[in-house]
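What follows is a short report on a single structure.
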Amino acid sequence: MSNAAASASAPSASASSIPEVRKDRVRVIGLMAKKPGMTDDEFYTYWREVHGPLFANMEITKKNILKYEQHHYTTAFEEGVAAMGFDVVPYRGVAVFEAESYAKIFEVFQSEEYMRVVFPDEANFIERSKTGFIAGGLVTYVDK
């Protein structure tokens, strides 16, 4: 089927059903690479019980961050994902940071408090050179 034919047969969405990009907040996603030699369980436990509270309890975090979540990876879907032709990613977690602006998020990561308290702790559980970040606006289609 040609692109034109595919477009002609695709259902059209009305402009009112297409959500706007949120303007009240931005999100940064951290793709977390665990430190070599750690088991997944050691990584998750350290991140949840030690590092997470360190980050969440900083005054600059309380002031600037609207949401901080940790998404802990599970191997439960690896076989199915691979069978569908998708890559099995090397990351073992996703950190979610939401704030009113990217400037508010940068203020946290560039603060003296972060550099003194949280940054040194990263070496205990992540491989910084393989950890990455994705920033972007939010468009929500389903939220129950």
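Please enumerate the residues belonging to the range 20-47 that are within 24 Å of Ala135 (Cβ to Cβ) and assigned to a helix (DSSP H, G or I).
Result: Phe43, Trp47.
Out of Phe125, Phe77, Phe86, report the one residue that is over 14 Å from Lys34 (Cα atoms), surrounded by 12 or more Cβ atoms within 10 Å (Cβ to Cβ) and either in contact (Cβ under 8 Å) with a residue 12 or more places away in the chain or over 18 Å from the mean Cα position of the chain (by Cα) (or both).
Values: Phe125 fails: over 14 Å from Lys34 (Cα atoms); Phe86 fails: surrounded by 12 or more Cβ atoms within 10 Å (Cβ to Cβ).
Residue meeting the stated conditions: Phe77.
For the range 59-96, what are the residues that are under 23 Å from Arg48 (Cβ atoms), of a type in the set (Phe, Trp, Tyr) and not in a strand (DSSP E or B)?
Tyr73, Phe77, Tyr91
Take the residues in the range 28-72 that are in contact with a Lys or Arg (Cβ under 7 Å, 6 or more places away or on another chain) and farther than 17 Å from Ala123 by Cβ; name whichever of them is most open to solvent (accessible area, probe 1.4 Å).
Leu66
Testing Val28 on (1) at pLDDT below 95; (2) within 16 Å of the chain's Cα centre (by Cα), one condition comes back false. Which one is that?
(1)
Please verify whether Glu78 is touching a helix residue (DSSP H, G or I) at 6+ places or on another chain (Cβ under 8 Å) and over 16 Å from Ile134 (Cα atoms), treating the condition exactly as stated.
Values: touching a helix residue (DSSP H, G or I) at 6+ places or on another chain (Cβ under 8 Å): no; over 16 Å from Ile134 (Cα atoms): yes.
It is false that Glu78 is touching a helix residue (DSSP H, G or I) at 6+ places or on another chain (Cβ under 8 Å) and over 16 Å from Ile134 (Cα atoms).
Which condition breaks for Lys23 when tested against (1) of a type in the set (Lys, Arg); (2) open to solvent by 60 Å² or more (accessible area, probe 1.4 Å); (3) at pLDDT 95 or above?
For Lys23, the exception is condition (3).
State which residue pairs qualify: first residue touching a residue at least 40 places away in the same chain (Cβ under 8 Å) and open to solvent by less than 90 Å² (accessible area, probe 1.4 Å) and inside the range 101-122, second residue aliphatic (A, V, I, L, M) and not in a helix (DSSP H, G or I) in any location, beta carbons under 6 Å apart, and separation of 6 or more residues or different chains.
Tyr102/Val26; Ile105/Val28; Ile105/Ala99; Glu113/Met58
If we scan the range 64-80, do we find a residue that is at pLDDT below 95, aliphatic (A, V, I, L, M) and over 22 Å from Ser111 (Cα atoms)?
Taking every residue of the range 64-80 in turn, at least one turns out to be at pLDDT below 95, aliphatic (A, V, I, L, M) and over 22 Å from Ser111 (Cα atoms).
With respect to Ile134, determine if the residue is of a type in the set (A, V, I, L, M) and surrounded by 15 or more Cβ atoms within 10 Å (Cβ to Cβ).
Working: of a type in the set (A, V, I, L, M): yes; surrounded by 15 or more Cβ atoms within 10 Å (Cβ to Cβ): no.
Here the answer is no, as Ile134 does not meet what is asked.
Please name all residue pairs, on different chains or six or more residues apart, with Cβ atoms under 8 Å, provided the first residue is in the range 47-59 and is more than 18 Å from Glu112 (Cα to Cα) and the second residue is open to solvent by 10 Å² or more (accessible area, probe 1.4 Å) and part of a helix (DSSP H, G or I).
Filtered contacts from the range 47-59: Val50/Asp121.
The values are calculated or read from the model by the stated rules, or taken from the named source; none is laboratory data. Keep in mind the model is a prediction, meaning the values are calculated, not measured. Because the Cβ atoms are built from the backbone with ideal geometry, glycine has one as well, and the counts that use them run over all protein chains shown. With ligands, DNA and RNA removed, areas are computed over all heavy atoms of the protein, side chains included. Shrake-Rupley method; radii C 1.70, N 1.55, O 1.52, S 1.80 Å.
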